[in-house]
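The values are calculated or read from the model by the stated rules, or taken from the named source; none is laboratory data. None of the values given here were measured: they were computed from a predicted structure. Please note: Cβ atoms are built from the backbone with ideal geometry, for glycine as well, and neighbour counts cover all protein chains shown.
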Amino acid sequence: MKRIKKILVANRGEIALRIMRSAKEMGIGTVAVYSQADRNALHVRYADEAIFIGDSPASESYLNMEKIISAAKRMKADAIHPGYGFLSENSVFAKKVKDARIIFIGPSSDAMELLGNKLAAKAIAKKYNVPILPGTAKAVNKIDEAKKQAKAIGYPVLIKAAAGGGGKGMRTVESEKMLEENLARAMSEAKSAFGDESVFIEKYIASPRHIEIQILGDAHGNVIHLFERECSIQRRHQKVIEEAPSSVLTPLLREKMGTCAVTLAKACGYSNAGTVEFLLDEKNNFYFLEMNTRLQVEHPVTEMITGIDLAKEQIHIAQGEKLSFRQDEIKIRGHAIEARIYAEDATNNFLPDTGTLIQYKTPRGNGVRVDDGYEAGMEIPVYYDSMLAKLIAHSSTRSNAITAMHRALNDYIISGIETTIPFCRFVMEHPAFTSGKFDTHFAEKYFSHEKLQRHNKAEEEIAAIAAALAFSETQQNETNNISSAGTVSKWRNRKYNEEFDF
Ligand code: MV4
């Protein structure tokens, strides 16, 4: 076992903060890296130390392997946590980190490379009797072969990039006459997006639910699962609402899917946190899709229902420790829902919105967790993902969690930019969601911007200006020593310190 003393977090925003909090609780030092656009970002201020790595575009900073590794060396960090996105699933990066004798907090680069290829991952699943969808075992590039295979599978089929993932570059094909054109397009898209033109054909499941199993594996061959997350509520492959547990899994189905996920991870010699993705069809048959070799955005819902801090577990595992709990010690407690708050205009086709957060006040109280990376007055940079925050509600039952989430969404105050909060509220109120009878097509089926309660924009802007004025007035008064709300709070602090001085 090698104790980690200092972690460089090769990421930004909420996930960088999330990882640093766990590191701090473990007594581990934290190093932030930042780009030009992130000079004043919260993750930079929260870290023990910070180092500038380059220009705002991710290719010049958060995606630049050499700059990140040399920053880690310079700051004497003995481990790198990649977060999600950016370099998190890049096996070349994991290898370079290891070769620099720095601990990569994640799986081995070999496991990442293997699972990065969806065809290779499916082949392993098949070998271990984990259900997969009917499809080609190899990449297809000739139309005659593609026609033969697609006919055997049965239309509609889906063409997927072997090096792809997350739904990028997928193409549905309804009939043979559409195959040639789509095969050519899919191959050229795969080539430009992933540098690999390999594509395969799979049976298309029309109305699936997207369910994934969280696993943890240590470096000693122990693997456990932490149940499922339901991720079916999404728009254009961007997840918006996730929850745990899923309202459709029976204990038996949960056990079967969990066992499949563990089997697969063991077969790959997988260590650290990982997620095994499945599709569930209308008859509740499940099929393995792919395995994600990172800590996922939606990991908090699993943390809420299991009480396990996944970022801490990742660090323990990377230090070579054995898992400290057995499968039968992990239980589901209550229900958790996550709403991703994006800086996007739900009333205008979810166009990304940039600008300054004039007002920003997060909800609080019973059962509410907010993982975010911004505060009032900050600019939303145009260079990165538009996700502002994750709002997580945890309660005793699904119905109570929905109520808590709805209240928290109403309490969230954001002005200056448009967000997806109204869409999240729409989901919480919709009978298809509350009844649990939905699939991945929820948004296309039920949502249109006319269905949102239009808020009065002018009114909101006036309120924001009034708030900004009141704020600057308070600051003015404080410097002039005039009584204000600020003085009251200082008095309260002083009293507190005198009475409880320890
Ligand atoms: C599918 C599918 C239906 N049939 N594969 C999306 C994420 C990526 N990991 C794989 N995904 C899917 N694969 C077969 N054979 C449906 C999805 C899917 C999806 C597809 C279209 C629109 C939204 C979707 C949301 C989740 C999953």
**Report entry** From K122, K142, K73, residue being among the basic types (K, R), within 16 Å of the ligand (Cβ to nearest atom) and out of contact with any helix residue (DSSP H, G or I) (no Cβ under 8 Å at 6 or more places or on another chain)
**Finding:** K122
Requested in this report: Considering (1) buried (at least 23 other Cβ atoms within 10 Å of the Cβ); (2) in contact with a helix residue (DSSP H, G or I) (Cβ under 7 Å, 6 or more places away or on another chain); (3) not acidic (D, E), say which one I332 fails and leave the rest.
Outcome: (1)
Query - Boolean, D281 is within 16 Å of the ligand (Cβ to nearest atom) and either outside the structural domain of S22 (by TED's automatic domain parsing) or closer than 25 Å to D110 by Cα (or both) - result: yes
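Condition check ((1) without any contact (Cβ under 8 Å) to a residue 60 or more places away in the chain; (2) touching a Cys at 6+ places or on another chain (Cβ under 8 Å); (3) more than 15 Å from the ligand (Cβ to nearest atom)) across all residues:
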position: A265; (1), (2), (3): yes, no, yes
position: N292; (1), (2), (3): no, no, no
position: D328; (1), (2), (3): yes, no, yes
position: H335; (1), (2), (3): no, no, yes
position: I341; (1), (2), (3): no, yes, yes
position: D345; (1), (2), (3): no, no, yes
Query raised in the report: How many of the residues in segment 130-148 are over 17 Å from E197 (Cβ atoms) and part of a helix (DSSP H, G or I)?
Result: 3
Report summary line: When T275 is run through (1) within 16 Å of the ligand (Cβ to nearest atom); (2) closer than 26 Å to S395 by Cβ; (3) in contact with a Cys (Cβ under 8 Å, 6 or more places away or on another chain), the failure sits at (3)
Query raised in the report: Which of the residues that make up segment 278-301 are within 18 Å of R254 (Cβ to Cβ), crowded, with 21+ Cβ neighbours inside 10 Å and acidic (D, E)?
Result: E298
Requested in this report: Please find, within segment 59-74, the residue that is farthest from T356 (Cα to Cα) out of those that are surrounded by fewer than 19 Cβ atoms within 10 Å (Cβ to Cβ) and of a type outside the set (D, E, K, R).
Outcome: S70
Query raised in the report: Does K239 fit the bill of being basic (K, R), farther than 24 Å from K331 by Cβ and under 24 Å from the mean Cα position of the chain (by Cα)?
Result: yes
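Matching residues to (1) among the aromatic types (F, W, Y); (2) buried (at least 20 other Cβ atoms within 10 Å of the Cβ); (3) in the same structural domain as G258 (by TED's automatic domain parsing):
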position	(1), (2), (3)
A311	no, yes, yes
I315	no, yes, yes
D328	no, no, yes
T354	no, no, no
Q359	no, no, no
P363	no, no, no
Query raised in the report: What helices (runs of 4 or more DSSP H) completely inside segment 333-442 contain at least 3 residues that are under 21 Å from the mean Cα position of the chain (by Cα)?
Result: 398-411, 421-429
